[in-house]
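Here is the structure we will look at, set down as structure tokens.
The values are calculated or read from the model by the stated rules, or taken from the named source; none is laboratory data. Remember, predicted model here, so these are calculated numbers, not experimental data. Reconstructed Cβ throughout: ideal geometry from the backbone, glycine too, with neighbour counts over all protein chains shown. Heads up: the accessible areas ignore ligands, DNA and RNA and are worked out on the full protein's heavy atoms, side chains in. Shrake-Rupley method; radii C 1.70, N 1.55, O 1.52, S 1.80 Å.
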Amino acid sequence: MHFELTEEQALIQDAARKFADDRLKPHAAEWDENKHFPVDVLKESAAMGFAGIYTRDDVGGSGMSRVDAALIFEQLSRGCVSTAAFISIHNMVSWMIDSWGSEEQRQRWLPDLTAMNTIASYCLTEPGAGSDAANLRTKAVRDGDHYVLNGSKAFISGAGTSDLYAVMCRTGEDGPKGISTIIVEKDTPGLSFGANERKMGWNSQPTRVVTFEDCRVPVENRIGEEGQGFGFAMQGLNGGRINIGACSLGGAAEAVDLAIEYAKGRSQFGRHIADFQATQFKLADMVTELDASRMMLLRAADAVDRKDPQAAKYCAMAKRFSTDLGSKIANDALQIHGGYGYLKDYPLERIVRDLRVHQILEGTNEIMRVIIAKDVLR
């Protein structure tokens, strides 16, 4: 077992950290306050290779590993958790097309996706099918060389701005075997969007309901064969769980640094609060939890890269652990700041808000426990 980064991985990590420091961190509070979706900065991230991290290089992708991606998303999230998380979602769609799309589909969509001239959203969750994703009801009925889509998707990041929507929809029987993946383009008649949701966090990316009303999409936009979509979605979620865990890691790491800096400078009762054992113990626990989360995430990412049969379990374990602890660490950092941590003048309250949703999305942490328990009791 090796616990040091390669020289190439260290350079990737440094590049992501510099981009976060230069292009994300200075604007994160403003984007959050104004609910601004920084499309221009997203395109800059694509120039760094971050819009097609594990997409093949013949279509402009970076051809990197899931371990590389975990390193990148941790560093990007130190600048802005919400924006980094959207980059992860965009990568999920690019990966799906690259992995299972035809050569014509790859060449048609991926060069623009990896350059972020085209932005993508991932559409799985529905108002009545969140954790029970196999019970989705959005339907696609074959009509000649088109599908006619009807239904709706909820909590879709990027909706209304994105150009492509990877839609999991029912083309056959009930259950997972009747689900297919169809790419819907933004200007397709019958495609519409709800109002931007008023959210606790993740305010630098829009979240809307996506509605399909007799939406006609060419059959050639289907990825893979009919009935394969649920499998694509579940495999995509393995990587998404690593990425969102890494985003929690980055937000928590930034929170730890802020807490250490504050504790060294804040005086109470004639001493810096860093001199009090209560503060020292809290910081010690925070950095220990941070390191444990990082080890679990990198192990899970490596398992996906190696196609380990236990990868799904490792991803569920790492996602549950790192998002629960990431949220806890950020909250502990806020506590060290006292009342100042509760003010928007300091970044802690935004980090706490942005990290909270990570315990819900990409499969709730309760569902992660179900996945782990099924494996243990198999």
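Overview of values
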| quantity | calculated |
| --- | --- |
| The lone exception for Ala134 - which of (1) open to solvent by 70 Å² or more (accessible area, probe 1.4 Å); (2) in a helix (DSSP H, G or I); (3) not acidic (Asp, Glu) it fails | (1) |
| Residue match in segment 79-91 (condition: open to solvent by less than 50 Å² (accessible area, probe 1.4 Å), not β-branched (Val, Ile, Thr) and not in a helix (DSSP H, G or I)) | yes |
| Sole residue being at pLDDT below 95, surrounded by 14 or more Cβ atoms within 10 Å (Cβ to Cβ) and not polar (S, T, N, Q), chosen from Gly326, Gly363, Gly341 | Gly363 |
| Set Phe37, Phe50, Phe19: member being part of a helix (DSSP H, G or I), open to solvent by less than 70 Å² (accessible area, probe 1.4 Å), aromatic (Phe, Trp, Tyr) and at negative phi | Phe19 |
| Neighbours by Cβ (under 6 Å, 6+ apart or cross-chain): first from segment 276-300, open to solvent by less than 70 Å² (accessible area, probe 1.4 Å); second of a type in the set (S, T, N, Q) | Ser293/Ser322; Leu297/Ser322 |
